[in-house]
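The values are calculated or read from the model by the stated rules, or taken from the named source; none is laboratory data. Because the structure is a prediction, the values reported are computed rather than measured. With ideal geometry, Cβ positions are generated from the backbone for all residues, glycine too; neighbour counts draw on all protein chains shown. With ligands, DNA and RNA removed, areas are computed over all heavy atoms of the protein, side chains included. Shrake-Rupley method; radii C 1.70, N 1.55, O 1.52, S 1.80 Å.
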Amino acid sequence: MSLKLIKLTKDYEKQLGEMIDEWKEDQEKNNTNRSPYAIFKNDYHDFDNYLDNLELVKPRDGLVPDSTFFLLDDEKNRLLGAVNIRHYLNEGLLKSGGHIGDGIRPSERRKGYATKMIGLALCECKKLGIDKVLICCDKNNIGSAKSIMNNGGVLENEIVTDDGEVVQRYWISLT
């Protein structure tokens, strides 16, 4: 199996639609979350607009610049998940968002893809000059915590968000 992170292009419009639709159906059926938020914030049906607004280049409205990558199974030409990398942390991201938001489409979970995707995302973080990466996950998301720890994540602490959710904060040193 050949896995790699890619930037989204028009070539993957159909694969993106299939993945997003699967995720939305799972969310409606099982009340699961959609992460990373960056791939759900715009309607993929207007693909040109979707691409134009997928990443934030300049900070605005409390948001920081970010990069979004998709995990591609090159052999099957199938998108398996996505990862959003925030280039630096503001107060909110330092508290409970972190540098990396990631997710694997529902039908491909529990197969080790998140661990691999985070590893590839850490290489991208290094290219951005990020030496210490913060990754956060909900305390009840055991799979996410394992994927983070499998990539060297060290639990610093747990915080309670304004919504009453317990979030675990992990740091990964890239030096």
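Brief remarks on what is shown
- Helix 113-127 vs. the chain, principal-axis angle (Cα, 0 to 90°, nearest 10): 70 degrees
- Å² of accessible area per residue within the chain, as computed with a 1.4 Å probe and no ligands counted: 54 Å²
- Highest-fluctuation residue, Leu94, Leu72, Leu120 considered, GNM on the chain with Cα pairs under 10 Å: Leu94
- Taking a Cβ cut-off of under 13 Å around Asp43, the surrounding Lys, Arg, Asp and Glu residues balance to a net charge of -3, with basic ones at +1 and acidic ones at -1.
- Where N is the number of residues in the chain, Cα Rg divided by 2.2 N^0.38 Å: 0.98
- Residues whose placed amide H lies under 5 Å from that of Lys4, excluding near-sequence neighbours: Leu72, Asp74
- In order through region 56-70: 3J(HN,Hα) via Karplus (6.51 cos²θ - 1.76 cosθ + 1.60), integer Hz, x for Gly, Pro: 9, 8, 10, x, 6, 6, x, 9, 10, x, 9, 10, 10, 10, 10
- Working note: Karplus 6.51/-1.76/1.60 with θ = phi - 60° gives region 146-153 the couplings 5, 5, 5, 5, 5, 9, x, x Hz, where Gly and Pro are set to x.
- Summed over qualifying helices (DSSP H, 4 residues or more, each -39500 (n - 2.57)) and divided by its residue number, the chain shows a 222 nm mean residue ellipticity of -8500 deg cm²/dmol.
- Cβ charges +1 (Lys, Arg) and -1 (Asp, Glu), total dipole of region 114-175, debye: 420 debye
- Of all accessible heavy-atom area on the chain, the percent that carbon and sulfur account for (1.4 Å): 47 percent
- Computed with a 1.4 Å probe over protein heavy atoms only, the accessible area of Glu75 comes to about 130 Å².
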